[in-house]
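Have a look at the structure below before the remarks.
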Amino acid sequence: MDLVITVDKHSPLPLHQQIYEELRQAILWGKLSPGKRIPSTREIAKFLGISRSTVTQSYEQLLSEGYLETIIGSGTYVCTQLPDDLLESQPVKTTATITRPEVKLSRYGETLLQTESVPRINEKKIEINFHYGRPNFSNFPIKSWKKLLSKHCNSGLNWLDYSIEPLGYKPLREAIVSYISRVRAVNCQPEQILITNGTQQALDLIMRLLIEPGDIIALEEPGYLTARLIFQTHGAKLLPIAVDSSGLVVSKLADSENIRLVYVTPSHQFPTGAILSLPRRLELLNWSIQTGAIIIEDDYDSEYRYGDRPIPALQGLDNSNSVLYIGTFSKVLFPSLRIGYLVLPQNLVPIFARAKWLSDRHLPILEQQVLAEFITEGHLERHIRKMRSHYDYCRQVLVKALKYHFGDSIEILGEKAGLHIMVKLQTNISDDEIIQRAAKVGVGIISASIQYINPNYSGEFIFGYGELDEQQLVEGIYRLAQVINS
């Protein structure tokens, strides 16, 4: 074991006495617990650069006083039972308590302190959790992932080193370009891809490089809470823009001036599930050109669509470098794979690459290598096709159960895409009361009110179904109906 012992060769106290005092106090204060093996005298002497006889003298004193015991052939240990008189003679702490001024937070820290926290369900008491944002893990092709992981682990040691690629592992960027150009009609080159630590880091980089405190950011109402908190903590002024069945109401943007950025989730608006129509997309791009505002397109789960043909990404329709496109693998693979990407206009690549390098240098190279080959070998798209069918079935089960138990008293939004739906419930019961009643029967749900900047709506809930099976979905809605309709 490692043991920190400090000695002062200039102290009037002999070295053996200094070692004795340090070990004695460590034992009495529990830093060295009873029965713990301590280093040999040879190891301590070598570590401190002193003679072994000096250390031996310290150990002998501790042995004679009952602090240590030796086991022949095994080593020296702290006594398992210290005499009562030794325990009662614990040294008195002499360091005076010093009251220092409270640490002063930065503007960012003060703003963060005032922002609301993201709500979390107490999952220990929840049997059926309709938490949104989590994919199904049981169907993940873990064997293929492990095989690629083992392959790259054994192919050399370069993945242990620092990366020399500021934008991220080039083969991964090439694989991403090939993938998103086909399935999302994104128009870019590998040199425009910046690999990020998920969507949150992409948003944080955008804020730090493009936004000053007081700048106006337009965003969907309701919208993605985490994005809103990131914007708020950077001192931006938030402008909520209404969402209807066709997505962001772009005409509302014309009512305000000096909008610096607009944040949208056009392929599956969070949380309503609305899909920004093609005319609205073109209208938004035209507005951006006229005003000079930048569009942040968060394409967080566009892979999962049921029935309708996907509409091309905003970035693919853009001819004026107006769009910053954010993608992630958290929903299609697994959340702990903290790999996302940011598609940038060419003129912004150098400054974003520099900011990313200063932020965290680079993501783990091994995971980037594995993901790159996972994509190029076709595992990603096979997995998405399989899961699209699975999630579609789960979605149908959930919608059917909701309609069966609640009938005309509910309105279901966003059921044609993604891993969640939003439900508007006609009831006189408050959201908090419904959540508490649900929790008592082992069901976890979250109100959509937290996604609003101006939370004037009630009776709206988000139901995630990605990680639940058919039986859980049916049983969960049954229990919920029992506590609401009773």
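The values are calculated or read from the model by the stated rules, or taken from the named source; none is laboratory data. All values reported here derive from a predicted model rather than from experimental measurement. When we count neighbours, we look across all protein chains shown, and the Cβ atoms used for this are built from the backbone with ideal geometry, even at glycine.
Summary of computed values
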| quantity | calculated |
| --- | --- |
| Scope region 154-179; condition hydroxyl-bearing (S, T, Y) and assigned to a helix (DSSP H, G or I); matching residues | S178, Y179 |
| Among (1) under 30 Å from I241 (Cβ atoms); (2) more than 28 Å from the chain's Cα centre (by Cα); (3) surrounded by fewer than 16 Cβ atoms within 10 Å (Cβ to Cβ), the one test that Q482 misses | (1) |
| Pick from region 311-325, criterion more than 12 Å from R184 (Cα to Cα) and buried (at least 21 other Cβ atoms within 10 Å of the Cβ), ranking: farthest from the chain's Cα centre (by Cα) | D318 |
| Which listed residue, of L371, L342, L358, L337, is outside the structural domain of L473 (by TED's automatic domain parsing), more than 21 Å from I275 (Cβ to Cβ), hydrophobic (A, V, I, L, M, F, W, C) and touching a strand residue (DSSP E or B) at 6+ places or on another chain (Cβ under 6 Å) | L342 |
| Region 142-159 residues that are over 14 Å from E367 (Cβ atoms), paired with ones that are not in a helix (DSSP H, G or I) (beta carbon under 9 Å, 6 or more apart) | S144/E377 |
| Flag for V370 being farther than 29 Å from R281 by Cβ, of a type in the set (A, V, I, L, M, F, W, C), touching a residue at least 60 places away in the same chain (Cβ under 8 Å) and in contact with a His (Cβ under 9 Å, 6 or more places away or on another chain) | yes |
| Residue within region 408-420 that is part of a helix (DSSP H, G or I), in contact with a Ser or Thr (Cβ under 8 Å, 6 or more places away or on another chain) and in contact (Cβ under 8 Å) with a residue 12 or more places away in the chain present | yes |
| Options N129, N139, N122: the member that is modelled with pLDDT of 90 or more and loosely packed, with under 13 Cβ neighbours inside 10 Å | N139 |
| Scope region 189-205; condition part of a loop (DSSP other than H, G, I, E, B) and at pLDDT below 95; matching residues | N197 |
| Those residues of region 421-457 which are among the β-branched types (V, I, T), touching a residue at least 24 places away in the same chain (Cβ under 8 Å) and under 24 Å from R134 (Cβ atoms), in sequence order | I421, V423, I434, V441, V443, I445, I446, I450 |
| Selected residue (only one of R208, R228 is crowded, with 19+ Cβ neighbours inside 10 Å, of a type in the set (D, E, K, R) and assigned to a helix (DSSP H, G or I)) | R228 |
| Residues of region 1-43 classified as assigned to a helix (DSSP H, G or I) and among the charged types (D, E, K, R), total | 5 |
| Number of positions in region 9-52 that are out of contact with any Phe, Trp or Tyr (no Cβ under 8 Å at 6 or more places or on another chain), crowded, with 18+ Cβ neighbours inside 10 Å and among the β-branched types (V, I, T) | 2 |
| Test result for E415, among the acidic types (D, E), out of contact with any Phe, Trp or Tyr (no Cβ under 9 Å at 6 or more places or on another chain) and on the phi < 0 side of the Ramachandran plot | no |
| Whichever residue in region 190-208 is without any contact (Cβ under 8 Å) to a residue 60 or more places away in the chain and more than 15 Å from the chain's Cα centre (by Cα) and, among such residues, is farthest from G133 (Cα to Cα) | P190 |
| Residues of region 49-65 that turn out to be assigned to a helix (DSSP H, G or I) and either among the acidic types (D, E) or within 44 Å of the chain's Cα centre (by Cα) (or both), as a count | 1 |
| Hits in region 164-180 - residues which are basic (K, R) and over 22 Å from R382 (Cβ atoms) | K170 |
| Per-region count, region 231-266, residues out of contact with any strand residue (DSSP E or B) (no Cβ under 7 Å at 6 or more places or on another chain) and in a strand (DSSP E or B) | 2 |
| Test: residue in region 417-440 that is under 24 Å from Q269 (Cα atoms), surrounded by 20 or more Cβ atoms within 10 Å (Cβ to Cβ) and basic (K, R) | no |
